[in-house]
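The values are calculated or read from the model by the stated rules, or taken from the named source; none is laboratory data. Predicted model, so just to flag it, every value in this text is computed and none were measured. Cβ placement follows ideal geometry from the backbone for every residue including glycine, while neighbour counts extend to all protein chains displayed.
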Amino acid sequence: MEDELRSGSLAPRIATAVDAATLAGLLHDFNVEFGEPSPGPEVLARRLGRLLFADSTLAQLAGDPPAGFVLLTLRSNVWYDTPVALLDELYVVPSMRGRGIGSALLESGCSLVRTRGVELMEINVDGEDRDARRFYERHGFSCVHSDRPEPELYYSREFS
């Protein structure tokens, strides 16, 4: 598998608006696998097609057919002179896990945002998702407040 990652058959490549339907299908499958809601691949494809034209949304796919993806967004931040990246999603199809594809996507995504001047990448991880936490820590990410006894919670509000 390492040879496939190095030789290019699974090496991550930048996704474009042309890849929106493929990326949307994988994103939908990701949400379904983990019991999260999804508006469906068609709606996601329409949104991704629009977003991937913007400089603030980046995606990479690994494999042909794609075995995984990373989706990143860039935003302004008062604490940094450069954009801050948020790793929105990282997914590898179940049958292809354990082969280094997730690591390749993460490292490639980090390299991509660094070329855009990014100094900080953020990731939201559910506290109980120990596998994800170990994965990101293995790749040099740190939990900002791991010593606090109470969890940090992410709040959101949808506006209709």
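Would you call Arg75 loosely packed, with under 12 Cβ neighbours inside 10 Å and either in contact (Cβ under 8 Å) with a residue 12 or more places away in the chain or at positive phi (or both)? When the stated conditions are applied, Arg75 passes them. Go through the stretch 96-142 and count every residue that is closer than 21 Å to Leu74 by Cα, touching a Leu at 6+ places or on another chain (Cβ under 6 Å) and assigned to a loop (DSSP other than H, G, I, E, B). Number satisfying all stated conditions: 1.
When residues of the stretch 17-32 are filtered for being touching a residue at least 24 places away in the same chain (Cβ under 8 Å) and either buried (at least 17 other Cβ atoms within 10 Å of the Cβ) or farther than 18 Å from Gly68 by Cβ (or both), how many remain?
Step one: filter the stretch 17-32 for residues touching a residue at least 24 places away in the same chain (Cβ under 8 Å), giving 17, 19-24, 26-27, 29-30.
Of the ones still in play, those that are also either buried (at least 17 other Cβ atoms within 10 Å of the Cβ) or farther than 18 Å from Gly68 by Cβ (or both) are 17, 19-20, 22-24, 26-27, 30.
Total satisfying the criteria: 9.
Conditions tested, residue by residue: (1) modelled with pLDDT of 95 or more; (2) surrounded by 12 or more Cβ atoms within 10 Å (Cβ to Cβ); (3) out of contact with any Phe, Trp or Tyr (no Cβ under 8 Å at 6 or more places or on another chain).
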site: Ser38; (1), (2), (3): yes, yes, yes
site: Asp55; (1), (2), (3): no, no, yes
site: Leu61; (1), (2), (3): yes, yes, no
site: Gly68; (1), (2), (3): yes, yes, no
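Evaluate the stretch 146-157: report whether one residue or more is exposed (fewer than 15 other Cβ atoms within 10 Å of the Cβ), touching a His at 6+ places or on another chain (Cβ under 8 Å), at pLDDT below 90 and of a type outside the set (Val, Ile, Thr). Yes, the stretch 146-157 contains a residue that is exposed (fewer than 15 other Cβ atoms within 10 Å of the Cβ), touching a His at 6+ places or on another chain (Cβ under 8 Å), at pLDDT below 90 and of a type outside the set (Val, Ile, Thr).
Of the numbered criteria (1) under 23 Å from Asp131 (Cα atoms); (2) in contact (Cβ under 8 Å) with a residue 12 or more places away in the chain; (3) over 15 Å from the mean Cα position of the chain (by Cα), the one Gly35 fails is (2). For the stretch 25-64, residues that are in contact with a helix residue (DSSP H, G or I) (Cβ under 6 Å, 6 or more places away or on another chain) and farther than 23 Å from Met121 by Cα total 7.
Of all the criteria given as (1) farther than 23 Å from Thr115 by Cα; (2) surrounded by 12 or more Cβ atoms within 10 Å (Cβ to Cβ); (3) among the hydroxyl-bearing types (Ser, Thr, Tyr), the one not satisfied by Ser95 is (2). For the stretch 101-111, the condition holds for no residue, the condition being that it is more than 20 Å from Pro12 (Cβ to Cβ), surrounded by fewer than 14 Cβ atoms within 10 Å (Cβ to Cβ) and either polar (S, T, N, Q) or modelled with pLDDT under 95 (or both).
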